[in-house]
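This report concerns only the one structure given below.
What follows is calculated from the coordinates using simple rules that are stated; it is not laboratory data. Fair warning: this is a prediction, and the values are worked out from it, not measured in the lab. Here the Cβ positions follow ideal geometry from the backbone for every residue, glycine too, while neighbour counts run over all protein chains shown.
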Amino acid sequence: MATFAQDDDESLSELAQAQQAMRRKEFLKAEHICLRMLVQHPSDNDIRHLLSHALIFQSRFFEADSLLKKVLESDTNLAGTYWYMGLSAERQAKDLKAVGYFKKYVVKTANPLNVNVSAWLHAASGYRRMMHKEGITTAQLDEMVYLYNQYLEAAPTDAYADNVRAFVDLVKPRKPAPGQKLIWDEKGE
């Protein structure tokens, strides 16, 4: 059996090891590697982002959010911070906050070609979950449709694209009257 460098964690940099642990869903291992790296590089925001990601996947939201707030204190223009804040809010069912963070991520991404297109999907889906639970206003429905359309324009052949198109076609005629909210679980008429 051939041995490759990626098979031997010792041959990888610590950052690569942490990223590999994340891909393998070994979140505690990734956390420990990140903590070791932070001892040497306490203000490295890439390591902080990766650590927050590992914490989010362990449902340790308070720790992740605290860490991300520290990153914001050092630099409010890091798009990735808003991405991870969005993921954390989304995992905590704080949908309106998640929408805001994902939208901020898009705005803060310096080069629009570098935007992770799933940010639009995440933001729009936050409104969709709100529609299921507490309802959304006309403005929120319009924003949801806009965000889904941004996603569809950026990733027309993505795995979710056909389902998103079908949903947009179904939801547009359900626009609530001014001052009303649309509460729709998509299960029935």
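Quick notes on this one:
- Helix 118-133 vs. the chain, principal-axis angle (Cα, 0 to 90°, nearest 10): 50
- Distance from the range 107-165 to the range 47-72 (C-alpha centre basis), Å: 24
- Stretch gain in nm, segment K181-N114, where the contour uses 0.36 nm per residue and the Cα spacing is subtracted: 20.7 nm
- In a reduced charge model with +1 at each Lys and Arg Cβ and -1 at each Asp and Glu Cβ, the range 28-104 shows a dipole moment near 140 debye about its Cα centre.
- Set K97/K187; K104/K187; K70/K172; K29/K94; K29/K69; K29/K70 screened for pairs whose C-alpha atoms are more than 29 Å apart: K104/K187; K70/K172
- The GluC sites (Glu not before Pro) found in the range 76-185 that occupy coil by DSSP, while having at most 15 further C-beta atoms within 10 Å, are E134.
- Among D46, D185, sorting on how many other beta-carbon atoms sit within 10 Å of each Cβ, with the fewest leading, yields D185, D46.
- Lys, Arg +1 and Asp, Glu -1 on Cβ, resulting dipole of the chain about Cα centre, debye, nearest 20: 720
- Segment T157-E134, extension gain: residue separation times 0.36 nm, minus the distance between their alpha carbons: 5.2 nm
- Gaussian network model of the chain, Cα within-10 Å springs - most flexible of Q19, Q140, Q40: Q40
- As a calculated quantity, the FRET efficiency between N149 and Q92 at R0 = 22 Å, using C-beta atoms, amounts to about 0.25.
- Stretching L15 away from L38 to a fully extended chain increases their span by 7.2 nm, per 0.36 nm per residue minus the current alpha-carbon distance.
- Between helix 45-57 and the chain: long-axis angle, C-alpha atoms, 0 to 90°, nearest 10: 60
- Two-site label geometry, F61 and R23: point separation in nm, points 7 Å out along Cα→Cβ: 3.0
- Rounded to the nearest 500, the 222 nm mean residue ellipticity of the chain from helices alone is -20500 deg cm²/dmol, with -39,500 (n - 2.57) taken per DSSP H run of at least 4 residues.
- Cα gyration tensor category, rounded, prolate or oblate, for the range 12-75 with a/c compared to 1.5: oblate
- Shape category assigned to the range 102-168 from the gyration tensor of Cα positions, a/c cut at 1.5: oblate
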